[in-house]
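Novice: Quick one: the structure is below, questions incoming.
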Amino acid sequence: QVQLVESGGGLVQPGGSLRLSCAASGRTFSTYVVGWFRQAPGKEREFVATIGWNSGRTYYADSVKGRFTISRENAKNTVYLQMNSLKPEDTAVYYCAADRTYSTYGARYDYWGQGTQVTVSS
């Protein structure tokens, strides 16, 4: 079992930055793939980024490539999503998720956090 808690969301102006954190419980967290997903009002959940268990493999959605960076500190059981050059269209609830397999499909992930709101507005 893995429990995930996101934090770091908030209100930021366009062009600004935020760093989201996903803190996990469980001694085997370092063996899990972790993904970030987001869901805007009235829209379907979409993939943002994912990172392999040893940080050696990352993948990003085209919409965030070059602006967002996913990383992890297994010693702290934490995965981060650094978000730079934020745009109003990045506004959404951001969720982290964990699973044993590497995937960009949310349905493949077994464990989910409660989400953190990110609002990009002037």
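Novice: Between residues in region 104-121 that are within 14 Å of Ala49 (Cα to Cα) and residues that are outside any loop (DSSP other than H, G, I, E, B) and of a type in the set (S, T, N, Q), which pairs lie under 8 Å by C-beta distance while being six or more apart or on different chains?
Specialist: From region 104-121, the pairs are Thr104/Thr50.
Novice: Considering only residues that are open to solvent by 40 Å² or more (accessible area, probe 1.4 Å) and out of contact with any Ser or Thr (no Cβ under 7 Å at 6 or more places or on another chain), which ones fall in region 1-18?
Specialist: Gln1, Val5, Ser17
Conditions (1) under 15 Å from Thr119 (Cβ atoms); (2) of a type outside the set (A, V, I, L, M, F, W, C), marked per residue:
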residue	(1), (2)
Leu4	no, no
Leu11	yes, no
Cys22	no, no
Trp36	no, no
Glu44	no, yes
Asn54	no, yes
Arg67	no, yes
Thr78	no, yes
Asn84	no, yes
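Novice: Now, a different point. Take Ser21 and tell me if it is surrounded by 14 or more Cβ atoms within 10 Å (Cβ to Cβ), out of contact with any helix residue (DSSP H, G or I) (no Cβ under 8 Å at 6 or more places or on another chain) and farther than 18 Å from Gly106 by Cβ.
Specialist: So Ser21 fits the description; yes.
Novice: Among residues belonging to region 51-61 that are in contact with a strand residue (DSSP E or B) (Cβ under 7 Å, 6 or more places away or on another chain) and at pLDDT below 90, point out the one that is most open to solvent (accessible area, probe 1.4 Å).
Specialist: Checked region 51-61; the qualifying residue most open to solvent (accessible area, probe 1.4 Å) is Trp53.
Novice: Moving on. If we scan region 62-76, do we find a residue that is open to solvent by less than 80 Å² (accessible area, probe 1.4 Å) and touching a Cys at 6+ places or on another chain (Cβ under 8 Å)?
Specialist: No, region 62-76 contains no residue that is open to solvent by less than 80 Å² (accessible area, probe 1.4 Å) and touching a Cys at 6+ places or on another chain (Cβ under 8 Å).
Novice: Is it the case that some residue within region 38-50 is of a type in the set (Val, Ile, Thr), touching a residue at least 24 places away in the same chain (Cβ under 8 Å) and exposed (fewer than 12 other Cβ atoms within 10 Å of the Cβ)?
Specialist: no
Novice: Could you tell me whether Ser103 is at pLDDT below 95 and within 15 Å of Val2 (Cα to Cα)?
Specialist: No; evaluated as a whole, the condition is false for this residue.
Novice: If you take the residues in region 18-27 that are out of contact with any strand residue (DSSP E or B) (no Cβ under 6 Å at 6 or more places or on another chain) and touching a residue at least 12 places away in the same chain (Cβ under 8 Å), which one is nearest to Leu86 (Cα to Cα)?
Specialist: Ser25
Novice: Hey, another quick one. Find all pairs meeting these conditions: Cβ atoms under 6 angstrom apart; at least six residues apart or on different chains; first residue within region 71-85 and in contact (Cβ under 8 Å) with a residue 60 or more places away in the chain; second residue in a helix (DSSP H, G or I).
Specialist: none
The values are calculated or read from the model by the stated rules, or taken from the named source; none is laboratory data. Quantities reported herein were computed from a predicted structural model and do not represent experimental measurements. In this analysis, Cβ positions are derived from the backbone assuming ideal geometry, glycine residues included, and neighbour counts consider all displayed protein chains. Protein only, heavy atoms only, side chains kept; ligands, DNA and RNA dropped before computing areas. Shrake-Rupley method; radii C 1.70, N 1.55, O 1.52, S 1.80 Å.
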